[in-house]
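Trainee: My structure is below; once you've seen it, I'll send some questions.
The values are calculated or read from the model by the stated rules, or taken from the named source; none is laboratory data. All of these numbers come straight from a predicted model, not from anything done at the bench. Cβ placement follows ideal geometry from the backbone for every residue including glycine, while neighbour counts extend to all protein chains displayed. Accessible surface areas use protein heavy atoms only, side chains included; no ligands, DNA or RNA. Shrake-Rupley method; radii C 1.70, N 1.55, O 1.52, S 1.80 Å.
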Amino acid sequence: MTPRDELTPRDDAFDAAAFHDDAREAVAWVERYLARVPGLPVLSTVRPGDVRAKLPTAPPERGEPFSALLADLDEIIVPGLTHWNHPRFFAYFAITGSAPGILAELLIAALNVNGMTWRTSPAATELEELVLDWLAQLFGLPAGWHGHIEDAASTSTLAALAAARTLRPGGAVYASEQANFSVEKAARLLGLEYRTVPVDSEFRLRADLVDYDAATAVVATVGTTATTSVDPVAALADGCARSGAWLHVDAAYAGSAWVCPELRWSLEGCERADSIVVNPHKWLFTPIDCSTLWTRRPEALAAAFSARPDYLRPSGGGALDIKDYGPALGRRFRALKLWAVVRGFGREGLQAAIREHVRLAQQLAAWIEAEPGWEICAPHPFSVVCFRKDASDEANEAIVDRVNASGIAFLAGTKLAGQFVIRLAIGHERTTEEDVRVTWEALREAAS
Ligand code: PLP
């Protein structure tokens with residue numbers, strides 16, 4: 001049989017008119033939401049069970065109009081949400097569902113392809129390879145590495161450590177005591193011992209305290225979760241090169257900063273790593289979920305994950321079957337939203353947004369430093385500032401609770417050297433200096 005470009009179209013199976021009306025309503029809803037979200041309280045104040053109590057306990061027998069769902073979204077769901085897509089969301093790592101990313105998610109769902117193998121959707125695999133290549137160029141990463149997308153940094157790190165285990169089974173995973181919990185979780189899942197390494201006065205892993213010979217892998221963090229400190233990657237690379245341990249770089253948050261040449265000091269040594277993870281769903285304006293993983297040693301990932309089920313033949317012809325490089329078989333078309341974001345912003349747009357966030361964080365730090373009775377608690381090289389009022393832990397926690405309860409902003413805290421500190425993370429595309437100023441004033445008021 002000869003292949004055909006397009007088969008005879010049929011218009012009986014899809015009610016385009018009904019879809020059009022619902023789609024218009026849904027897009028209008030999104031427009032309204034994005035316009036009004038800066039005016040909504042950031043943190044939801046519902047109590048456990050409140051949302052569920054307003055919803056039917058059993059599913060409907062007959063299909064309902066989409067408009068009924070939109071009505072419930074407004075009345076029941078939105079009041080029960082904490083608004084992550086809010087310019088005064090300053091907790092954890094602040095993130096953005098940007099316009100190109102939101103629209104691309106619609107297209108992804110419409111296409112609904114599963115990029116398990118190249119054959120199951122060639123363009124999905126090839127676009128993923130291309131976009132990872134683009135991102136490597138934007139970040140200044142080495143050319144020619146294998147790159148693919150996972151759902152979360154937790155999965156990317158799990159994949160990297162599984163690859164490391166195929167080369168050096170039985171050793172331990174070393175990471176700083178400031179490393180994200182996802183590293184310990186991955187080690188635990190893989191049956192590898194997890195050993196934490198003390199940090200220096202600036203919360204950076206002490207490379208001289210790692211037992212490289214006992215390591216299956218060493219995880220360096222570029223942008224730790226609490227303070228965004230940067231581990232000495234080059235020194236860790238020296239140790240790993242001597243012993244043969246795998247070096248994984250967790251740059252889930254701060255890797256996006258590499259789009260700005262002036263922030264690439266934090267990239268030093270990463271070119272000698274075996275794998276690197278950066279989360280575009282953290283600081284690259286891509287809707288959650290999207291985590292990018294690169295490795296110089298794809299054969300080790302394949303040793304950990306490749307499988308040849310009878311029902312899924314290899315694509316062949318040199319094509320990449322990405323299911324062989326990570327834990328998941330089914331794979332969403334996440335490359336499409338990353339492509340949309342990179343095209344929508346361009347290098348200049350990404351640089352401008354990240355530079356502004358760094359500027360705002362430095363501005364906030366300057367205000368705090370100038371305010372008697374307040375102190376900065378850690379270096380703040382990117383867009384996160386840790387600080388506290390010169391008072392008890394309870395008093396500082398109460399300040400955060402008061403601001404969060406006001407709805408003005410949402411912040412979180414953490415512990416540094418056993419002491420509670422307030423942590424303000426900037427990462428939303430539409431956060432302005434006014435948003436940061438209003439929040440700082442709310443904190444001072446809450447403290448007085
Ligand atoms: N690594 C770092 C440094 C993080 O801060 C986080 C989460 O905040 C993670 C990894 C885990 O990321 P994910 O939620 O994508 O698994």
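Trainee: Size of the dipole of the chain about the Cα centre, Lys and Arg at +1 and Asp and Glu at -1 on the beta carbon, nothing else charged, in debye to 20?
Mentor: 600 debye
Trainee: How much accessible area per residue does region 114-332 have, in Å², with a 1.4 Å probe?
Mentor: On a per-residue basis, region 114-332 sits at 37 Å².
Trainee: Got a sec to turn the phi values of region 301-306 into Karplus ³J(HN,Hα) couplings, 6.51 cos²θ - 1.76 cosθ + 1.60 with θ = phi - 60°, whole Hz, x for Gly and Pro?
Mentor: With the stated coefficients, region 301-306 comes to 4, 5, 4, 7, 10, 6 Hz.
Trainee: Pull up all non-local amide H partners of Asp321: gap of 5 or more, or a different chain, and H-to-H distance under 5 Å with H placed in the peptide plane.
Mentor: For Asp321, the qualifying residues are Trp118.
Trainee: Can you list the aspartates and glutamates whose alpha carbon is less than 12 Å from that of Lys323, not counting same-chain residues fewer than 8 positions off?
Mentor: Glu150
Trainee: Given the pairs Lys337/Lys389; Lys185/Lys282; Lys185/Lys337; Lys54/Lys185, which span a C-alpha to C-alpha distance of over 31 angstrom in this model?
Mentor: As for pairs spanning more than 31 Å Cα to Cα, those are Lys337/Lys389; Lys54/Lys185.
Trainee: From the backbone phi of region 394-403, what are the Karplus-calculated ³J(HN,Hα) couplings (6.51 cos²θ - 1.76 cosθ + 1.60, θ = phi - 60°) in whole Hz, Gly and Pro given as x?
Mentor: Couplings: 4, 5, 5, 5, 5, 4, 4, 4, 5, 5 Hz.
Trainee: Which percentage, to the nearest 5, of the DSSP beta bridges contained in the chain is antiparallel?
Mentor: 55 percent
Trainee: Out of region 247-281, which GluC sites (Glu not before Pro) are coil in DSSP terms and have no more than 11 other C-beta atoms within 10 Å?
Mentor: Here no GluC sites (Glu not before Pro) fit, given the DSSP loop and packing criteria.
Trainee: Could you check which residue among Leu312, Leu320, Leu284 shows the biggest mean-square fluctuation in a GNM of the chain with a 10 Å Cα cutoff?
Mentor: Comparing Leu312, Leu320, Leu284 in a Gaussian network model of the chain, the most mobile one is Leu312.
Trainee: How far apart, in nanometres, would the label points at Glu434 and Val46 be if each is projected 7 angstrom from Cα along the Cα-to-Cβ direction?
Mentor: Those two pseudo-labels are separated by 3.0 nm.
Trainee: Still on this structure, please answer the following. Give the long-range amide H neighbours of Tyr92: residues separated by 5 or more places, or on another chain, with amide H under 5 Å away, using H modelled in the peptide plane at 1.01 Å from N.
Mentor: Under 5 Å from the amide H of Tyr92: Ala412.
Trainee: Further question: Using the eigenvalues of the Cα gyration tensor, what equivalent ellipsoid semi-axes result for region 266-369 when each is taken as the square root of five times the eigenvalue, whole Å, largest first?
Mentor: Three semi-axes, in Å: 36, 17, 12.
Trainee: Report the extension gain between Val30 and Phe14 in nm, rounded to one decimal, defined as 0.36 nm multiplied by the number of residues separating them, less their alpha carbon distance.
Mentor: Result: 3.4 nm gained on full extension.
Trainee: Of the accessible area of the chain, with the probe set at 1.4 angstrom, what percent is carbon plus sulfur?
Mentor: The nonpolar share, carbon plus sulfur, comes to 53 percent.
Trainee: Given a cut-off of under 8 Å on Cα pairs at least six residues apart, what relative contact order in percent is computed for the chain?
Mentor: Over the chain, the number comes to 20 percent.
Trainee: Same structure, new question: Using Cα springs under 10 Å in a Gaussian network model of the chain, which residue among Ala217, Ala110, Ala16 shows the largest mean-square fluctuation?
Mentor: Ala16
Trainee: Now for a separate question. Tell me, what are the semi-axes, in whole angstrom and largest first, of the equivalent ellipsoid of the chain as set by the roots of 5 times the Cα gyration tensor eigenvalues?
Mentor: Equivalent-ellipsoid dimensions as semi-axes: 36, 34, 19 Å.
Trainee: Any chance you could run the full-extension gain for Glu375 through Ala398? It's 0.36 nm times the residue separation minus the Cα-Cα distance, nm to one decimal.
Mentor: This chain segment gains 6.6 nm when fully extended.
Trainee: Continuing with the same structure: With springs only between Cα atoms under 10 Å apart, run a GNM on the chain and tell me which of Val259, Val342, Val51 wobbles the most.
Mentor: Top of the fluctuation ranking is Val51.
Trainee: Additional query: Run a plain Debye calculation on region 114-332 (Cα atoms as equal point scatterers, no solvent) and give log10 I(q)/I(0) at q = 0.08, 0.16, 0.18 Å⁻¹, rounded to two decimals, same order as the q list.
Mentor: Those come out to -0.26, -1.03, -1.29, one per q.
Trainee: Can you give me the distance in nm between label points at Glu445 and Arg206, each placed 7 Å from the Cα along the Cα-to-Cβ direction?
Mentor: Between Glu445 and Arg206, the simple spin-label model gives 4.5 nm.
Trainee: Take the alpha carbon atoms of region 362-407, find their center, do the same for region 1-58, and report the distance between the two centers in whole angstrom.
Mentor: 39 Å
Trainee: Choose one of Phe203, Leu158, Leu329: the residue whose Cα lies farthest towards the positive end of the charge dipole of region 114-332 (beta-carbon charges +1 Lys, Arg; -1 Asp, Glu; about the Cα centre).
Mentor: Result: Leu329, furthest along the dipole toward the positive end.
Trainee: Further question on the same structure: Provide the per residue accessible area, probe 1.4 Å, for region 398-448, rounded to a whole number of square angstrom.
Mentor: Heavy-atom SASA per residue in region 398-448 reads 41 Å².
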